[in-house]
């Protein structure tokens, strides 16, 4: 049986920090587009692995942790970045409708 893809922890942490520092607006769009939560005020990436990400999403009423999965596992930083860019483009399309 082949090994499960794993995103290196250092890469995951670097990407997580970058997303929170430079792309907070995209994280909010992810929550708006890909969850059932309403009135999203803020979102922070709290985890990232080969299969997806965890977001702490703040709404007007509460903060909830949600899991967003990638379409396929991502085993390196370039593949994770590609998945995040794709999600950002899809989220923009959905939230601009």
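Every number in this text was worked out from the coordinates using simple rules, so none of it is lab data. Nothing here was measured: the structure is a model prediction, and the numbers come from that model. All Cβ positions, even for glycine, are placed from backbone atoms using ideal geometry, and neighbour counts span all protein chains on display.
One table, with the values for the structure above:
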| quantity | calculated |
| --- | --- |
| Potential lengthening between residue 75 and residue 94 on full extension [0.36 nm per residue; Cα-Cα distance subtracted] | 4.1 nm |
| Region 9-90: C-alpha pair distances exceeding 18 Å, % | 34 percent |
| Relative contact order (percent, whole number), region 9-90, Cα cutoff 8 Å, 6+ residue spacing | 25 percent |
| Fewest-first sequence of 58, 4 by Cβ atoms within 10 Å of each Cβ | 4, 58 |
